[in-house]
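The values are calculated or read from the model by the stated rules, or taken from the named source; none is laboratory data. Bear in mind the structure is a predicted one, so any value in this text is a computation, not a measurement. Glycine also receives a Cβ, built like all others from the backbone with ideal geometry; neighbour counts cover every protein chain displayed.
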Amino acid sequence: MSLRLGLAGMVEEGVNTSMAEQLETWDLWLPGPGATGLPFARSRVNARDGQDRVLVHAAPQKLNVTVRDATGNVVAKGEGLERHQPGPMSYLVRRGATIALEDGWPTDGDIGRLVILPGGEAGILKAWWNADDRKEWRWQIEFYNQIRG
């Protein structure tokens with residue numbers, strides 16, 4: 001057994017593996033522009049933080065998503081994903097090797113969930129509030145980084 005730091009910076013008890021072995025890369029692309037599309041976000045996150053449901057802030061109307069493990073193998077993918085409702089957040093939901101996009105607004109149940117921002121920075125949702133008419137919202141996100149080998 002060893003201790004590991006999760007994305008939120010909390011010490012957790014885990015198996016004896018290095019942090020690098022637990023990383024996943026979430027690669028989000030806008031599929032339309034140019035010959036092969038344009039990058040929207042690329043995040044390297046601890047696989048345990050991503051789990052089966054991730055929030056994406058300001059997702060574009062259409063999105064392709066590829067998730068790779070630390071060795072570069074594709075572990076999940078979603079192509080031609082589309083938003084159908086406006087809002088500041090969308091969900092990327094992993095079901096086995098498939099990624100789906102779901103529209104929605106965060107709830108109290110999403111506190112602690114991983115959030116990917118445009119450009120690829122990722123953090124943990126710490127607080128969320130929105131007005132009943134959904135024309136106003138306030139949120140807090142926590143970032144944690146390390147550069148140890």
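Tell me which of these Asn130 doesn't satisfy, since it passes every other one: (1) in contact with a Lys or Arg (Cβ under 9 Å, 6 or more places away or on another chain); (2) over 23 Å from Leu30 (Cβ atoms); (3) modelled with pLDDT under 95.
Among (1) in contact with a Lys or Arg (Cβ under 9 Å, 6 or more places away or on another chain); (2) over 23 Å from Leu30 (Cβ atoms); (3) modelled with pLDDT under 95, the lone unmet condition for Asn130 is (3).
Checking the structure you have, find out if any residue of region 106-114 is closer than 18 Å to Pro39 by Cβ and either among the small types (Gly, Ala, Ser) or in contact with an Asp or Glu (Cβ under 7 Å, 6 or more places away or on another chain) (or both). Walk me through how you get there before you give the answer.
To start, the set of residues in region 106-114 that are closer than 18 Å to Pro39 by Cβ comprises none.
Looking for residues that are closer than 18 Å to Pro39 by Cβ and either among the small types (Gly, Ala, Ser) or in contact with an Asp or Glu (Cβ under 7 Å, 6 or more places away or on another chain) (or both), one finds none in region 106-114, hence no.
What number of residues in region 50-80 are touching a residue at least 40 places away in the same chain (Cβ under 8 Å), charged (D, E, K, R) and more than 13 Å from Arg94 (Cα to Cα)?
Looking only at that region, the number is 1.
For region 19-42, give me each residue that is free of Cβ contacts under 8 Å to residues at least 24 places away in the same chain and either surrounded by 15 or more Cβ atoms within 10 Å (Cβ to Cβ) or at positive phi (or both).
Within region 19-42, just Gly34 meets the criteria.
Quick one: is Leu55 of a type in the set (A, V, I, L, M), at pLDDT 95 or above, touching an Asp or Glu at 6+ places or on another chain (Cβ under 7 Å) and over 21 Å from Leu38 (Cα atoms)?
Values: of a type in the set (A, V, I, L, M): yes; at pLDDT 95 or above: yes; touching an Asp or Glu at 6+ places or on another chain (Cβ under 7 Å): yes; over 21 Å from Leu38 (Cα atoms): no.
Taking the combined requirement at face value, the residue does not satisfy it.
Quick grid of which residues meet (1) surrounded by 20 or more Cβ atoms within 10 Å (Cβ to Cβ); (2) among the aliphatic types (A, V, I, L, M); (3) assigned to a helix (DSSP H, G or I):
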position: Arg44; (1), (2), (3): no, no, no
position: Arg48; (1), (2), (3): no, no, yes
position: Val56; (1), (2), (3): yes, yes, no
position: Ala59; (1), (2), (3): yes, yes, no
position: Leu63; (1), (2), (3): yes, yes, no
position: Thr71; (1), (2), (3): no, no, no
position: Val75; (1), (2), (3): no, yes, no
position: Pro86; (1), (2), (3): no, no, no
position: Tyr91; (1), (2), (3): no, no, no
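Which is among the acidic types (Asp, Glu), out of contact with any helix residue (DSSP H, G or I) (no Cβ under 8 Å at 6 or more places or on another chain) and free of Cβ contacts under 8 Å to residues at least 24 places away in the same chain, of Glu121, Glu102? Working first, answer last.
Numbers: Glu121 fails: free of Cβ contacts under 8 Å to residues at least 24 places away in the same chain.
One residue alone meets the criteria, Glu102.
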